[in-house]
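**Student:** Before I ask anything, let me first share the structure, which is written out below as structure tokens.
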Amino acid sequence: MKTYSLLLLVTIILIAIPQIKAAETPLSDEQTQAQEMMPLSVRDAMEQLKVTEGAKEELSITSQDSDSGLSSTYHLKDDTWKLSFGYHVNSHPMTFSDMAGLDFALAAKMWPRTWLVGYLETAKIKFRAMSEFNQYRSLNTWELENTYETAILFGLGLSYETSYIQDFLNYEKMFETITASASYLRFHESYMNENYSGPGIRADYGVHYRFSKAMHFGLKFSYNLFSTKRPEEYVDEPQPLRHLSISWTSVAFDFSIYF
């Protein structure tokens with residue numbers, strides 16, 4: 001019985017030794033290349049994506065002193081607060097004067113590349129640029145179409161910074177922002193002397209030039225959409241008579257201060 005046990009032990013050792021040596025033997029160049037060409041597993045792909053995204057979070061701006069020639073680099077991830085100002089005109093180049101607006105925004109950096117933004121905007125907008133006629137209104141006239149309405153809107157949303165334009169233009173001082181905000185609008189319709197208000201959304205796309213650590217300027221495109229209504233003129237007045245859908249697009253010159 002002891003003889004059989006001894007033979008079994010020797011057999012196991014003889015089988016294991018070549019496998020151990022094979023594991024210790026370094027891979028040849030051909031084997032290494034073949035291994036590198038093997039498709040990534042899902043886990044490996046996720047790890048590689050995580051590393052890439054981590055690198056992208058290091059969005060940086062490099063500036064060079066014209067006198068000394070010395071370069072300095074600062075990271076946008078180090079920003080904490082910013083105060084922004086924008087002057088809006090109508091996005092249609094032939095009727096840009098149909099709108100003039102000024103907005104103020106305060107933003108706090110909450111996550112990598114992501115800001116929490118609150119804004120307030122006041123604007124004078126020609127009725128034809130901001131609303132379709134309500135088919136239930138009794139007065140849909142040329143005079144109404146060309147009146148200027150006073151609007152006040154405010155909202156809260158999230159803004160995300162991207163660096164794709166840096167790769168496209170090969171210029172490190174440029175970056176983009178994409179912003180979406182839940183908003184609220186109040187405006188006075190002067191022809192009928194009626195006040196409308198209601199919720200909506202605002203979406204912005206901006207391209208910015210960071211010319212110093214503390215400031216940037218740029219352009220942004222804004223889209224606004226609101227569902228508004230006026231107060232009842234009599235009890236149980238039908239909703240269609242009171243409703244106006246408001247929407248417009250604008251282009252704004254943007255300036256921001258970081259602190």
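The values are calculated or read from the model by the stated rules, or taken from the named source; none is laboratory data. Computed from a predicted structure; not experimentally measured. Cβ atoms come from the backbone with ideal geometry, glycine included; neighbour counts cover every protein chain shown.
**Student:** Which one of these does TYR191 not meet: (1) modelled with pLDDT of 95 or more; (2) part of a loop (DSSP other than H, G, I, E, B)?
**Tutor:** (1)
**Student:** Another one. Failed condition for TYR191, given (1) without any contact (Cβ under 8 Å) to a residue 60 or more places away in the chain; (2) surrounded by fewer than 18 Cβ atoms within 10 Å (Cβ to Cβ), with all others met?
**Tutor:** The failed condition is (1).
**Student:** Go through the residues of the range 230-245 one by one and say whether even a single one is of a type in the set (S, T, N, Q) and buried (at least 19 other Cβ atoms within 10 Å of the Cβ).
**Tutor:** no
**Student:** Looking at (1) farther than 21 Å from ALA100 by Cβ; (2) buried (at least 16 other Cβ atoms within 10 Å of the Cβ), which one does GLY218 not meet, given that it meets all the others?
**Tutor:** GLY218 satisfies every listed condition except (1).
**Student:** Can you go through SER197, SER183, SER227 and tell me which one is polar (S, T, N, Q), under 22 Å from the mean Cα position of the chain (by Cα), surrounded by 13 or more Cβ atoms within 10 Å (Cβ to Cβ) and in a strand (DSSP E or B)?
**Tutor:** Answer to the selection: SER183.
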